[in-house]
Each structure stands twice: as C-alpha cells, then as structure tokens.
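One structure below.
Just so it is clear, none of the values below were taken in a lab; they were calculated from the coordinates. Bear in mind that the values here come from a model prediction, so they are computed numbers and not experimental data. All Cβ positions, glycine included, derive from the backbone under ideal geometry; neighbour counts span all protein chains shown.
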Amino acid sequence: MDKKSRNDTESFRKRERLKIILGTTLAFVLLALVLVLSGLFDNTYDKDNGSSGMKAIQAREVFDFVKSGKTDVEYKDTEGVPGADALGRRWYEAGYEASGWKTAAGSFGSVDGQLSTRVNGAYPANLLNHYASDGTAIPVYYFRMEFEVEDFSVIRQLSGKIQFDDAVVVYLNGEMIFSDNVPEEGFDPESGYGAGETVDKSRTATFTADAWSGLVEGRNCIAVEVHQANKNSSDVYFDLLYLKGYPGSSQEQTLNTSGLILQPGVNEKSREVNWLTEQKSAFMLQYCKLNENFRTYRETEMEMRQMDDQYCYKGDLTELISGSTYLYRIRDKNTGALSAQYTVKIPSDPAGFTFLFAGDPQIGADDLENDAAAWERTLEVGQNMAKDAAFIISAGDQADSSKEADALLEYQGFRSADVLKSLPVAVNRGNHDSGTDLYDLQFKTLNTNNIHDDYFMYQDVLFVSINSNNSKYEKHVDFLKKAIEQCQPRWIVVTMHYSMFSTGPHAGEDKIVDLRNALAPEFSKLGVDLVLSGHDHLYARSYLMEGLTSTGREDGAKADGQTLYLAGTSSTGSKFYEKTAENYDYIAFYDKESTKAPLISSITIQGDTLTIKTVRVTDLKLFDTCTITK
C-alpha cells in the first residue's frame, strides 16, 4: 500500500471513530433527559396512571371541534321540517340518523340558484338548492355537525363564529344556545320564513357559551337552522367557520371595570358600553339574554382610544328585545380574563317610556369623594322613582376642573356610580367639560356634526344635544332641522348645558341672552316640545313659550310652536346659586326657598302626554310636577 493510500485509510478511520463517539454521547444525553422527565411525572403517573398529567396538558389546549372546510356537515336543503329518526331522536340531537341528507365540508350558499360571490365575496364551496316545488325560496335550511369531547370538565367556554343570510338559530345537543337577526314576533309558524331585517350580504356573528350543562363527554351535536326572510329571497348563505373549546385556567384573572358605564344607543334596541381603564389590550364585549339554563354570548370587538395613560373602550349592544334583561361583560382577547357580569333591562312598553334628568354633577366642585358618593345617591333615588327608566340625561359639567389630571379623576368619580352600569347616561358638553380633550376622547356621540351636536331616537322621541359652548347658532338650527327631517318624530326634546330661560345669576349674561334670542324662536318654529338644561344650579321651569314670548300657561294642552324649558339644579349638592334680583316673566316655577338640596326628575312620555316629576333627594319628597299634552 503506498503512502497516499495509508493516509486516506487513516483519515477514514478517524472520521468513523468520531461519529461513534458523538452518537454515543447524544444517546446518553437523550437517555438522561428521559429519566429526568420520568422522575418529574413519576409520582403523578403512579397514582392515576398519568391521567392527571394528561388533563393538565389538555387544559392548556384550545380544542377545535368544528372547522370550516375540514368538518363534515350533514345538511338538508329541501322542503319540510325534518322528522325524528327510527329511535325518536330529533335532527339537532347527537346520533340522529340523517337519512336522505347530504354531506359536505365548507361553506354553503346560493344566489338565484347559482354559485355566486355576491353573498360573501367568494364562491361558497357547496351550492344549496334554492327553490321549492312552487318556485318560491326554500324557507329553512338545516345543518348538523357532530364532535367528540373526552373530558368536558376542563372546558370553560365554547366559542363559535358563524356567517349566514338571513336569520340563524344554533343548538347544542337539542338546546338553543344562540340566534341572530330573528324576528321579534317569531318565525312564520306555517312556512318558517322570517328575519329581523333582510340581509343583502351575509352577516358574521361570534358567540361564546358557558355556565351550562349542555356539553357532554362523548358525542355532541352542534346544529343550525338558517331562515330566509321571505318567499322572494334571492340568496342564502351558511358557514360555521369554527367551534372551539377553551380551558378554564384563564378564568382566574378578573378585569377591573370600576370605570365602566352605559350610554344610549342609536335607538331603543341598542346600548353603548363605555369603559375607562388603565389596562391596554384587545377587549371583546360579550352579551346575552338572561337565561337560567345556559348563557351564550354574542361577541364584538371594542374600539379603543388612548387618553394619556388611560384607555377608553367602546362597544355596542344591539338587537335588544323590549321587556328582556341582558347580561354583559368584557373579555381580554389576549389572556381570556373576564370582568364581572352586569345587567341591563330593556323597558317593555312599546308605546311609552320614562327617562331621568339631572342637573350638573360637577364632580370635584367640592370634595371629589363626597361628590361621587352624592352623585350615586341621586342616581339611586332616581332609579327608585322610575324602576323601568330607559336612561338618564345629565345636563353637562360632568367634571369640574380644567386641569387634565384633576379632570380625569373627576370623570372617574362620575363613572364610579354602579347604577350607570345598568342605566345608560346621555351626557351634554358643559363649559367645564370644554377645558380638556377628555370629554371628546371618552364619551361616544351618535349622529354628530363638526361642532359637537348629536342626536338619537328612542321610540318616537327625538333627543338632540346642542353644544351650547359654540355660538354658531345657524349650524345648530341646521343640524336640528336635518335631524327632524331624518327621524320624523312625534316628540322633540332638546338638551343643552346653558339654560336659555332661568332665574339664576347667568340669566342676564350677554352670551345667554344671545343664545336665547337666536335659538328660542327657531325651537318654536321647528316644533321643539321640551328643552332640558343646567349651568345655573337653581331649579326653574318656564311657562309654555312661543319663541321669546310667554303664554302665561305652565301646563295642559300645548299648541304647535309652544316649548317648555326646564333648568336643573346641582345633582350632587356641591354647588348652588341664588336667584337673581330681577323677576323674569317667563318663569312659572323655581326654587323659592333655596333648599340647596340635590334634585332629580323623572319624565314620562306616553302617547300624547308628557309628565315631569321632580323629587328632592334628601327627603324623597315631590318637589315639582307638570304635565303637558299635544
């Protein structure tokens, strides 16, 4: 063997020896790791054959029970309600023999009997039969998916996301757990048609369910019925994008909602949730109709605005049904932490309602803590006066200070009343609220303009908030006109901070006189019935006014163009003014005794009648009452 060959052979042997050494070392390392892990789990495994260790691992998982495109769906897209199977099981129960049903995975839809992107922007995976034998739209489609649960004790919540057109009802093991866009009066009992509103494109809803006994170990069934709005419906769509199970470990954390309040929504079927907090995250608003057997929440992501080191989150409660009580709470999307649950009751009378009115809270005008406690006391008295009150109107100056740090603490004091977690508050912009940007950043306004007027409807009553800090009177009038044209209300209530007809020290100021001269004639022309205001910290009620002229009548039947003005006093008792020396001929009633006690009013609008009752908070005695009719 020559020298080169011997060198090559020696190099080869060295490489092989190195591989053996490395391989042996790695084997020992792996063996040691296995022994360590075995030691860690040895005691648990000996006690229960490893089941506790496996459950601990399982509890950290998210379980994908249903996934669009992966899970087989049994479905019926023909006429008729599915009957029970040979063993008496119904179509929405586990184990049902779906004889004659079709099976596919993915999304389902039709537009005039064809696959189309019109419904959700993409072609559905499966074409649904669209027409019945008489040429009308199939009224109801039925879908069912079964899944296995090994240990339901580790699952705290189920969460699902569904896309549909027009209305949907979801069942778990035969129990209805969720519905959306269903008609208040129910589906047509003969045909099954019906929807809260016609859906031009598919809508998406997320729901979360917990605190029930509907989930079982073993086989479970999630079932869905999709309803067409009417026999002429041109499209239908369904997709259960996912159904997931979440473990219970995240429930240990609880969110601090001391800064949470409700505000009115766009109409009587909605409310706004508004939460001021130091916590920064992505938060979901969950809500459901109160039900003793189970709780299934709709979910919507909350909008966030930053306020220095504070954050304000806002979300909508929608499609609320009159006469019902709803639960709502907040969930941290990142950690799963939950807030406490709160209730909101939706008044049941479709032909009338009551709301509360309070003068300036002005938290911080005296001692902040005392003001916050007095504000809560006033709200509690008001809620006792009108147990079914739909909301409360605050006349402005929710806070007192123009220094941002102080004002933020005062707004937190305003929000601290627990009553406001169930009773929505409609705020007005006061002059003290204009000293910082905090008012705009935290409170949600509806249907607003660029000078911060806004409005909402409740039943057939239009509520318009005028930003009286702004002297562009023609813009206020134009905004009011457009709101009236848009809503065509039966009653018109204007709210604003500055009192145009009062008897306090502000009554003769130039800016108040200018405001009165500019807006009072326009309010009469536009048919405004009632104006609620504050600022003067002295309760006063006007005669029925025709523009700037008093009719000399304080109640009874009012003619078109006659307006009643009510100025509230302090709702906390922290600040009062005395009556001016001048006598104003427009004042029908005022606090002659200067009682210096907080007051709160309940205002009921029922048909053609509007009644005001004002109570003294300190002794609960009736302080003033007035009724007008149209």
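Over the chain, DSSP H runs of length four or greater, each weighted -39,500 (n - 2.57), average out per residue to a 222 nm ellipticity of -6500 deg cm²/dmol. Across the stretch 316-436, the convex hull enclosing all Cα atoms gives 134 Å³ per residue. Size estimate for the stretch 502-561 follows the Kirkwood approach: the inverse of mean 1/r over distinct Cα pairs works out to 12.4 Å.
In terms of overall dimensions, the C-alpha atoms belonging to the chain reach 127, 73, 53 Å along their principal axes, ordered largest to smallest. Any idea what log10 I(q)/I(0) is at q = 0.11, 0.13, 0.18 Å⁻¹ for the stretch 49-188, Debye with uniform C-alpha scatterers and no solvent? Ignoring solvent entirely, the Cα scatterers give -0.52, -0.71, -1.23. Listed cross-link partners Lys201/Lys314; Lys269/Lys345; Lys269/Lys444; Lys592/Lys621; Lys201/Lys244; Lys201/Lys231 are compared with a 20 Å cut-off, the Cα-Cα value being larger for Lys201/Lys314; Lys201/Lys244. Per-residue Cβ neighbour counts within 10 Å put Leu544, Leu538 in the sequence Leu544, Leu538, beginning with the fewest. Summing +1 for each Lys or Arg and -1 for each Asp or Glu among the other residues whose beta-carbon sits under 11 angstrom from that of Glu146 gives -2.
By the beta-carbon count within 10 Å of each Cβ, the least crowded to most crowded order of Trp375, Trp491, fewest first, is Trp491, Trp375. Directionally averaged projected area (the stretch 367-516, Cα convex hull): 9.9 nm². Using C-alpha pairs below 8 Å separated by at least 6 residues, the relative contact order for the chain is 10 percent. Taking the Kirkwood radius as Rh and the Cα radius of gyration as Rg, the stretch 487-630 has a ratio of Rg/Rh equal to 0.94.
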